[in-house]
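The values are calculated or read from the model by the stated rules, or taken from the named source; none is laboratory data. Predicted model only: the values in this text are computed from it and were never measured. Please note: Cβ atoms are built from the backbone with ideal geometry, for glycine as well, and neighbour counts cover all protein chains shown. Keep in mind that these areas ignore ligands, DNA and RNA; they rest on the heavy atoms of the full protein, side chains included. Shrake-Rupley method; radii C 1.70, N 1.55, O 1.52, S 1.80 Å.
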Amino acid sequence: MNRMSWPGRIGVNVLAYLVSILMFFPIFWLILTSFKTNSLAGSRHPAFIFSPTLAGYVNAVVDSNYLHYALNSVYAAVGSTLLCIVLGVPAAYSMAFRRSKRTDFTLLWMLSTKMLPAVGVLVPIYLVYKNLHLLDSALGLLFIYAAMNLPIVVWLLYTYFRDVPGEILEAAEIDGASLLGKIVRIVVPLTMPGITSTALLAIVLAWNEAFWAINLTNVHGATLAVFVAGFKSARGQFWANMAAASTLSVLPILIAGWFTQRQLVRGLTFGAVK
């Protein structure tokens with residue numbers, strides 16, 4: 001193996017630190033702005049040293065009913081993920097262990113649906129939701145998020161299930177295990193790291209989604225994406241308040257990602273080394 005010279009190692013480390021700083025700076029500036037006043041945040045001269053204030057957070061939490069939007073986000077993100085897992089596990093099992101000549105085409109077609117722009121189906125989805133009385137409801141967002149993330153969930157679960165040796169399932173079938181028993185007692189436990197990381201990814205995608213939330217909800221079913229957007233469209237450009245609201249909207253998913261990073265990495269590398 002060729003070892004890199006010390007100038008090369010220093011150069012790589014410096015480049016890594018610069019990229020890390022470049023990626024972290026928007027988050028740092030967002031948090032810094034959240035502690036400014038609206039007049040200071042909107043100033044053309046950026047300020048790094050100032051007297052911090054919690055007025056933006058008080059406005060977001062107390063005056064703007066942050067908890068209502070946060071609960072809707074939790075309901076839509078977690079509920080849609082559970083629905084995706086319940087539907088995705090048997091679908092991925094069928095594609096992994098009961099393949100047909102159309103399996104590859106079906107997988108490719110499911111993945112290709114993610115490449116279509118969401119605005120292309122906005123009008124029909126809006127009309128269907130209007131007739132079903134699902135507009136401005138968190139339940140409606142739960143269904144649209146599940147439909148949005150299901151192709152990715154099935155594809156990821158399919159790749160994890162493919163690593164399960166078929167001989168184990170054949171032995172279980174000889175012992176009299178049913179289809180449900182093989183899925184629940186063998187496939188799911190063996191691929192639990194992959195299922196966990198897939199669920200975490202689906203939660204993150206649903207939590208960060210803004211297009212459908214803004215177009216299908218207004219007040220009752222609105223999520224944190226609508227909450228943050230409201231600070232600009234309806235209340236003017238109060239940058240400090242918007243920065244505080246944005247910080248509060250990303251804080252839960254950052255904390256969840258921090259505590260589950262080991263499971264996430266373990267699941268993403270599941271089956272990578274054999």
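Quick notes on this one:
- Residues of type lysines that Lys114 reaches as a straight line, Cα spacing below 23 Å, ignoring anything fewer than 8 places off in the same chain: Lys101
- Taking the longest Cα principal axis of the chain as reference, the axis of helix 224-233 is set at about 30 degrees.
- Annotation: peptides 161-173, 79-91, ranked by per-residue average of other Cβ atoms within 10 Å with the highest first, follow the order 79-91, 161-173.
- Here the relative contact order of the stretch 136-259, from alpha carbon pairs under 8 Å that lie six or more residues apart, stands at 33 percent.
- Filtered trypsin sites (Lys or Arg not before Pro), the stretch 1-57: DSSP coil and at most 13 other beta carbons within 10 Å: Arg3, Arg44
- On Cα atoms only, tilt of 138-161 relative to the major axis of the chain in degrees: 50 degrees
- Rounded accessible area per residue of the stretch 169-252, 1.4 Å, Å²: 47 Å²
- Shape class for the stretch 1-118, computed from the alpha carbon gyration tensor (a ≥ b ≥ c): oblate, with a/c not under 1.5 and a/b at or below b/c.
- Along the stretch 165-173 the Karplus relation, 6.51 cos²θ - 1.76 cosθ + 1.60 evaluated at θ = phi - 60°, assigns HN-Hα couplings of x, x, 4, 5, 5, 5, 5, 5, 5 Hz to successive residues, with x for each Gly and Pro.
- Normalised contact order of the chain, rounded percent, pairs of Cα under 8 Å and 6 or more residues apart: 32 percent
- Simple rule: put +1 on each Lys or Arg Cβ and -1 on each Asp or Glu Cβ in the chain, find the dipole, and look at Thr223, Pro151, His133; the Cα lying farthest toward the positive end is Pro151.
- Whole-percent carbon and sulfur share, accessible surface of the chain, 1.4 Å: 69 percent
- Charge dipole (Cα centre; +1 on Lys/Arg Cβ, -1 on Asp/Glu Cβ; no other charges) of the chain amounts to roughly 560 debye.
- Heavy-atom accessible area per residue - the stretch 22-149, 1.4 Å, Å²: 63 Å²
- Spatially proximal lysines relative to Lys232 (Cα-Cα < 26 Å; intrachain offsets below 8 disregarded): Lys36
- Computed helical MRE - 222 nm, the chain, DSSP H runs ≥ 4 contributing -39500 (n - 2.57), nearest 500: -22000 deg cm²/dmol
- Mean-position separation - Cα centroids, the stretch 150-227 and the stretch 131-145, in angstrom: 21 Å
- Against the chain, whose longest principal axis is taken from its Cα atoms, helix 192-208 shows a tilt of about 30°.
- Overall form of the stretch 122-166 per C-alpha gyration tensor (a/c, 1.5; a/b vs b/c): prolate
- Maximal additional length on extending the Ala147-Val219 stretch stands at 23.7 nm, based on 0.36 nm per residue less the C-alpha distance.
- Stretching the chain fully between Ile21 and Leu127 yields a gain of 33.7 nm (0.36 nm per residue, less the alpha carbon separation).
- In this calculation the C-beta distance from Trp258 to Leu67 is compared with R0 = 22 Å, giving a FRET efficiency of 0.50.
- Overall form of the chain per C-alpha gyration tensor (a/c, 1.5; a/b vs b/c): oblate
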